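Structure record follows, encoded as structure tokens.
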Amino acid sequence: MIGIIGAMEEEVAVLKQEMNIQEVCEYASMQFCKGTLCGKQVVIVRSGIGKVNAGICAQILADKFAVDVLINTGIAGSLDAAIDIGDMVISTDLVEHDMDATIFGDPLGQVPRMDTFSFPADAELIKKAVAANEEANPDIKTFTGRIVSGDQFVSSSEVKEKLVKNFQAKCTEMEGAAIAHVAYLNKISCVIIRAISDKADNSATMDYPTFEKRAIEHSVRLVRNLLPRI
Ligand code: ADE
């Protein structure tokens, strides 16, 4: 079973329309749509925004639906000058950028007393997502690398520069690391797929609404092409 999480309704609406829904279950005020899409058994769900919503959602997918693959699609702010609005980032690993126990000597982003600094995506899923995107969206560039998540819409050059310096990440968003964290604890394969909607700087709030729609279209095309490969 493949779990597909989007933070916002716009991000999952098209996929839900296209799937053959067999059952809708509600847990933690979230609607889990179970059925088939592109010939695969899937559960598609809108988690809501932020790490807590995403973490709860991912754990329910593990507990109630026994998913063995977790895919999170959505949009993100670019942290790399080479990565433009509209391009796609496939996660190699995820870090919670707002986790700060540096006072105890932990590096910024480290969840204290966990045996990993970053939560890895599955190598096979990364390869498949890259191939799927290159085929489905030949008009945009595909990047792989670290994605950071925090309960913060990053829209200032100052904050952006700190993230760039501290984490060497490709983009920033608000859910991926929580989902990868849950996947890590439950030993589930995961990949986070993010289309860039803004540059996480002072222009972010202006660019975001304009490019959100296009970014979501790219994500949907990628998922359609990725599912048959899993
Ligand atoms: N999602 C899309 N753009 C973002 C940004 N700049 N910060 C956090 N999450 C985002």
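The figures follow:
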quantity	calculated
Residues that are of a type in the set (Val, Ile, Thr) and open to solvent by less than 10 Å² (accessible area, probe 1.4 Å), drawn from the stretch 3-15	Ile4, Ile5, Val12
Counted residues, the stretch 16-38 - those being in contact (Cβ under 8 Å) with a residue 40 or more places away in the chain, open to solvent by less than 70 Å² (accessible area, probe 1.4 Å) and more than 20 Å from the chain's Cα centre (by Cα)	1
Failed criterion for Leu125 (all others in (1) at pLDDT 95 or above; (2) assigned to a strand (DSSP E or B) hold)	(2)
Output for the stretch 119-138, where each listed residue is within 10 Å of Arg221 (Cβ to Cβ) and charged (D, E, K, R)	Glu135
The stretch 188-211: number of residues that are within 8 Å of the ligand (Cβ to nearest atom), in a helix (DSSP H, G or I) and open to solvent by 30 Å² or more (accessible area, probe 1.4 Å)	1
Answer residue from the stretch 82-114, given it is open to solvent by 60 Å² or more (accessible area, probe 1.4 Å) and among the acidic types (Asp, Glu) and is farthest from the chain's Cα centre (by Cα) among those	Asp100
Which numbered condition Ile188 misses (of (1) within 14 Å of the chain's Cα centre (by Cα); (2) under 26 Å from Ala62 (Cα atoms); (3) among the β-branched types (Val, Ile, Thr))	(1)
Selected residue (only one of Ile60, Ile21, Ile75, Ile49 is part of a strand (DSSP E or B) and at pLDDT 95 or above)	Ile21
Breaking point among (1) open to solvent by 50 Å² or more (accessible area, probe 1.4 Å); (2) within 16 Å of the ligand (Cβ to nearest atom), for Lys128	(2)
Selection count, the stretch 165-180, where residues are assigned to a helix (DSSP H, G or I) and under 27 Å from Glu217 (Cα atoms)	5
Selection from the stretch 136-149 of residues that are open to solvent by less than 40 Å² (accessible area, probe 1.4 Å) and either in a helix (DSSP H, G or I) or farther than 30 Å from Asn202 by Cβ (or both)	Ala136
Qualifying residue in the stretch 150-159 (condition: away from the ligand (no atom under 15 Å from the Cβ) and either open to solvent by less than 20 Å² (accessible area, probe 1.4 Å) or touching a strand residue (DSSP E or B) at 6+ places or on another chain (Cβ under 7 Å) (or both))	no
Cross-chain or 6+ apart pairs with Cβ under 9 Å, the stretch 179-198 first and within 20 Å of Lys128 (Cβ to Cβ) and among the basic types (Lys, Arg), then open to solvent by 20 Å² or more (accessible area, probe 1.4 Å) and within 16 Å of the ligand (Cβ to nearest atom)	Arg194/Lys170
Pair list, Cβ < 7 Å and 6+ apart or interchain, from the stretch 151-173 residues that are more than 15 Å from Ala81 (Cα to Cα) and touching a residue at least 40 places away in the same chain (Cβ under 8 Å) to residues that are more than 9 Å from the ligand (Cβ to nearest atom) and part of a helix (DSSP H, G or I)	Asp151/Lys51; Val154/Leu163
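Conditions tested, residue by residue: (1) within 20 Å of Cys190 (Cα to Cα); (2) in a helix (DSSP H, G or I); (3) in contact (Cβ under 8 Å) with a residue 40 or more places away in the chain; (4) among the β-branched types (Val, Ile, Thr).
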residue: Asp100; (1), (2), (3), (4): no, no, no, no
residue: Pro107; (1), (2), (3), (4): no, no, no, no
residue: Gln110; (1), (2), (3), (4): yes, no, no, no
residue: Asp115; (1), (2), (3), (4): yes, no, no, no
residue: Glu134; (1), (2), (3), (4): yes, yes, no, no
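The values are calculated or read from the model by the stated rules, or taken from the named source; none is laboratory data. Note that the coordinates shown come from a computational prediction; the quantities given were computed from them, not determined experimentally. Note: ideal-geometry Cβ built from the backbone for every residue, glycine included; neighbour counts use all protein chains shown. What goes into the accessible areas is simple: the full protein's heavy atoms, side chains included, and nothing from ligands, DNA or RNA. Shrake-Rupley method; radii C 1.70, N 1.55, O 1.52, S 1.80 Å.
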